[in-house]
Amino acid sequence: MPPPRNRLPMGRAVADAFDRTSAFVCCALVVALLAVVSLGALTRSFGEPLIWTDELSRFLMVWLAVFGWVVASRKRIHVRIRFFQDRLPARAHQATELVIQFAMTLFGLLVAVYSVGLVGKNHDLDATSLPISMAWMYAPMVLGGAITALQGASEFILALRRPPPPTSPAAIEEAALE
């Protein structure tokens, strides 16, 4: 028996909660970055700069970039140029999509694995002006790589199941109208 319409399957509910949490973290990071940079600029204007604001803003920028990457990947709104791919015959289009998604999965895995190594190599180094480990600079890359790999694998599976897209101009226009 299928689940009731008003309830999401467990996997979808977890993914939606993750997406909402990621978007919230992005918003919090933007606010924190704005506050830290503003504080740094304000204290400089009074001739008493707080040195730690520069370093903290770098950490926040890295975390914001990675969480923005995660949100864009999850929403499928990352930059992608399909000009040439959309002009390929249906089978070549589908094959190209599979190659792209496999490459994204591999890229995500490599980023995650190498980031774990960077976190390990930097865990005992302290930041210059903050009492935190430099490993925190690289920690979000583990998450970003893992999410990219999972998203790429998911898109790969979907591309395998999806029928090839229409290639004639009339069929493309018709599909766009639907």
Taking His93 and the conditions (1) over 19 Å from the mean Cα position of the chain (by Cα); (2) open to solvent by 60 Å² or more (accessible area, probe 1.4 Å); (3) in contact (Cβ under 8 Å) with a residue 60 or more places away in the chain, which numbered condition does it fall short on, given that it satisfies the others?
(2)
Flagged pairs (Cβ under 6 angstrom, 6 or more apart or on separate chains; first in region 107-124, within 16 Å of Ile147 (Cβ to Cβ) and modelled with pLDDT under 95; second outside any helix (DSSP H, G or I) and open to solvent by 80 Å² or more (accessible area, probe 1.4 Å)) are none
Just one listed residue, out of Leu64, Leu60, is open to solvent by less than 30 Å² (accessible area, probe 1.4 Å) and within 30 Å of Ala153 (Cα to Cα), and it is Leu60
Tell me whether region 16-23 contains one or more residues that are among the polar types (S, T, N, Q), out of contact with any Leu (no Cβ under 6 Å at 6 or more places or on another chain), closer than 17 Å to Ala146 by Cα and surrounded by 13 or more Cβ atoms within 10 Å (Cβ to Cβ).
yes
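Residues are listed down the side, and each one gets a yes or a no for (1) farther than 29 Å from Leu88 by Cα; (2) modelled with pLDDT under 90; (3) open to solvent by less than 30 Å² (accessible area, probe 1.4 Å):
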| site | (1), (2), (3) |
| --- | --- |
| Trp136 | yes, no, no |
| Met141 | yes, no, no |
| Thr148 | no, no, yes |
| Ala153 | no, no, no |
| Arg162 | no, yes, no |
For region 54-82, pairs from a residue that is without any contact (Cβ under 8 Å) to a residue 12 or more places away in the chain and under 23 Å from Pro131 (Cα atoms) to a residue that is of a type in the set (Val, Ile, Thr) and outside any helix (DSSP H, G or I), with Cβ under 6 Å and 6 or more apart or across chains, are none
For Ala72, work out the one condition from (1) modelled with pLDDT of 95 or more; (2) open to solvent by less than 60 Å² (accessible area, probe 1.4 Å) it doesn't fulfil.
(1)
How many residues does region 35-87 contain that are closer than 21 Å to Glu97 by Cα, out of contact with any helix residue (DSSP H, G or I) (no Cβ under 8 Å at 6 or more places or on another chain) and assigned to a helix (DSSP H, G or I)?
2
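The values are calculated or read from the model by the stated rules, or taken from the named source; none is laboratory data. Because the structure is predicted, anything quoted here is derived from the model rather than measured. Quick reminder, even Gly has a Cβ in these numbers, built from the backbone with ideal geometry, and neighbours come from all protein chains shown. Ligands, DNA and RNA are stripped out before the accessible areas are found, and what is left, the full protein with its side chains, is counted by its heavy atoms. Shrake-Rupley method; radii C 1.70, N 1.55, O 1.52, S 1.80 Å.
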